[in-house]
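Here the structure is laid out as structure tokens; the discussion comes afterwards.
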Amino acid sequence: MGELDRRVVVVTGAGRGIGAAVAEGLAAEGARVVVNDLGVALDGSTPEDGPAHEVAAHIRGAGGEAIADASDVTDFAAAERLIAKAVQEFGRLDVLINVAGILRDGMIFKMAEEQWDAVIDVHLKGTFNTTRHASAYWRENRGGEFRLINFTSASGLYGAPSQPNYAAAKMGIIGLTFSCANALRQYGVTSNAVSPIATTRMTMTVDKGRAIGRYTPENGRLDARNVVPAVAYLASERSGWLNRRVITAGNGRIGLMNEPDLQREITASSGVWDVPTAFAEIEDSFRAAVQHPNIFDRPRG
Ligand SMILES: NC(=O)c1ccc[n+]([C@@H]2O[C@H](COP(=O)([O-])OP(=O)(O)OC[C@H]3O[C@@H](n4cnc5c(N)ncnc54)[C@H](O)[C@@H]3O)[C@@H](O)[C@H]2O)c1
């Protein structure tokens, strides 16, 4: 018996990369998995059925239970059919894991409207679409140990300069995750986000056909399978105490992010601020607190 014995799990974007590792890893723990993937290129173009079917076949070949689904998470009606398929095939839905994603990088001052829309559509609207239908099912069938697990990114948490669309979508997903945590707890659902790190086509920089940097296939710490144990824990029945948080996973580490909280606060003595006093007190109180560089800080030039 595995940690996820007979739990029914839908994983979007499970035809490749981290999603495939999650689908296979959870199936190895006994989960019954719907492997969703549109089979697109990194920029979201040229869909094909192959990846979803290959991962589902691989799971079945290893003795697990899985079915494939090649639908597009940006399609509201298709997302409803995806959730219905899990219930139809396996009798219920316990866990939804939203992993599907694309990239269309560019600096904010050069970004085309279409680049913005495509990335928001797959990540943020795609996560909404499946969650909307899963949550309606969970509300109808309240009382289970239901789990919503949404994939976010350090790109949003720390502000990757060349990914304004992706960073915005990934922070939008955190807001959606926190809202669902508060709205769905009463129906037995926990809702958390995972910020992963792994070598996949999304992170590998390739020069003349060779991977460069630390994201290489040889770097086992960054293997997508190293993200799976944290996701498996969140998906399990044991994690009911853990809600409305961001968990980091990958590179041999599992982390618990801080909850957003006030760092400093100043209050006008009369209850009403005037501009000169606000200027002085903001600098006095906040300035020392914002001197910490983050991973994307570069000298100005
Ligand atoms: N790899 C990392 O280090 C890293 C870091 C931070 C966040 N992430 C996030 O983790 C998730 C997985 O990323 P990955 O690195 O495995 O990427 P990947 O490109 O290997 O896999 C993404 C999968 O999503 C599928 N997909 C894209 N659009 C879809 C759609 N409309 N409907 C259904 N499926 C669709 C693709 O076909 C692909 O198989 C993404 O949400 C990504 O943003 C990854």
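Each value in this text was obtained by applying a stated rule to the coordinates, not by laboratory testing. Predicted model, so just to flag it, every value in this text is computed and none were measured. Please note: Cβ atoms are built from the backbone with ideal geometry, for glycine as well, and neighbour counts cover all protein chains shown.
A few comments on the model shown:
- Taking other C-beta atoms within 10 angstrom as a stand-in for reagent exposure, His123, His133, His58 fall in the order His58, His133, His123, fewest first.
- Of every Cα-Cα pair in segment 71-202, the percent that sits beyond 24 Å: 31
- Nearby lysines by direct alpha-carbon distance to Lys125 (threshold 24 angstrom, same-chain neighbours under 8 apart not counted): Lys85, Lys110, Lys170
- When the helices of the chain are scored as -39500 (n - 2.57) per DSSP H run of n ≥ 4 and the total is divided over every residue, the value at 222 nm lands at -11000 deg cm²/dmol.
- Tail weight of P(r) past 15 Å, computed on alpha-carbon pairs of segment 1-80, percent: 50
- Springs between Cα atoms under 10 Å define the GNM used for the chain, and in it the highest mean-square fluctuation of Thr199, Thr216, Thr177 occurs at Thr216.
- Structural descriptor for segment 1-154: relative contact order 24 percent, calculated from alpha carbon pairs under 8 angstrom and at least 6 residues apart.
- For segment 244-297, trypsin sites (Lys or Arg not before Pro) meeting the loop criterion (DSSP other than H, G, I, E, B) and having at most 15 other Cβ atoms within 10 Å: Arg264.
- Angle of helix 50-61 to the longest C-alpha principal axis of the chain, folded into 0 to 90 degrees and rounded to 10: 60°.
- Taking the C-alpha atoms only, the angle from helix 275-286 to the longest principal axis of the chain is near 60 degrees.
- Farthest toward the positive end of the dipole of segment 8-256, out of Gly240, Thr127, Ile83, is the Cα of Gly240, where the dipole comes from beta carbon charges about the Cα centre.
- Among Leu93, Leu256, Leu262, the ranking by other beta carbons within 10 Å of each residue's beta carbon, starting with the fewest, stands as Leu262, Leu256, Leu93.
- Nearest 10 degrees, 0 to 90: helix 76-90 Cα axis against the chain principal axis: 50
- With the charge dipole of the chain set up from +1 on Lys and Arg Cβ and -1 on Asp and Glu Cβ about the Cα centre, the Cα lying farthest toward the positive end among the listed residues Ser71, Thr177, Ser270 is that of Thr177.
- Kirkwood hydrodynamic radius of the chain, from the reciprocal of the average inverse Cα-Cα distance over all distinct pairs: 20.4 Å.
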